[in-house]
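Enquirer: Provided herewith is a single structure, encoded as structure tokens, for subsequent inquiry.
The values are calculated or read from the model by the stated rules, or taken from the named source; none is laboratory data. What you see is a predicted model, and the numbers here were worked out from it, not measured in a lab. Glycine gets a Cβ as well: all are built from the backbone with ideal geometry, and neighbour counts include every protein chain shown. Protein only, heavy atoms only, side chains kept; ligands, DNA and RNA dropped before computing areas. Shrake-Rupley method; radii C 1.70, N 1.55, O 1.52, S 1.80 Å.
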Amino acid sequence: LLLAMVFEKIALVDSLDFAEVYDIETATGNVQVLEHVMRSHPTAIWWRDKGGGRMRYPSKAEGWPISEFPFDKRLIPEENMYGWLRLDSCGPEVFPLMADECVRRGLRFGVHTTWEENHWCVGFMSNWTVAHPEYWCCARDRKPWHGSCALAYQEVLKHKLELVDERTALGGDAVFLDMFRVGGWSPSL
């Protein structure tokens, strides 16, 4: 009983993982995702705001709507053939909706944001990254590692923090900065 009072059970929710089950392009579908996740009895929900470098919801810092979906199924590994998805059609209200739902259910709500952008090569590069190749990382052979901008640059860090500010302004009381996600490839390739 003491351990239950000390520890949180946090669910990191990526709505894309449920695309074949629920209509994640709607607010209703996102609530269904939450219902599904609730089966694991979490004490907090951290909702994913992007995939690779692309924001899944409107973003002034990323340039809307060009960097948004649809996900082109030809850019996704074959085992995940979702077809065309327009996650931006949910609108920015997904985060306040999820925050309100979590509060109503007695859960803490937060944002799970990824800082690395190397998911499945250049198919998921953000507008900002495409516009700033001078900040791209390099692979071991010194060739550009197109999927990611180096956090060593102040300009990159500033941009990433602008994205976090956008998400937290929409609701929630926690931010999980997922600093490294190797995704489909790595700088060793």
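Enquirer: How much of Met38 can a 1.4 Å solvent probe reach, expressed as accessible area in Å² and rounded to 10?
Expert: Roll a 1.4 Å probe over it and Met38 shows about 50 Å².
Enquirer: Also, I was wondering about something else. So how much slack lies between Val21 and Val175, counting 0.36 nm per residue of separation and subtracting their Cα-Cα distance, in nm?
Expert: Extending this stretch completely gives an extra 52.8 nm.
Enquirer: Hey, another quick one. So if we plug the beta-carbon distance of Thr168 and Ala139 into 1/(1 + (r/R0)^6) with R0 = 41 Å, what FRET efficiency do we get, rounded to 0.05?
Expert: After rounding to 0.05, the efficiency reads 0.80.
Enquirer: If I model a spin label as a point 7 Å beyond the Cα along the Cα-Cβ vector, how far apart are those points for Tyr153 and Glu35 in nm?
Expert: 4.5 nm
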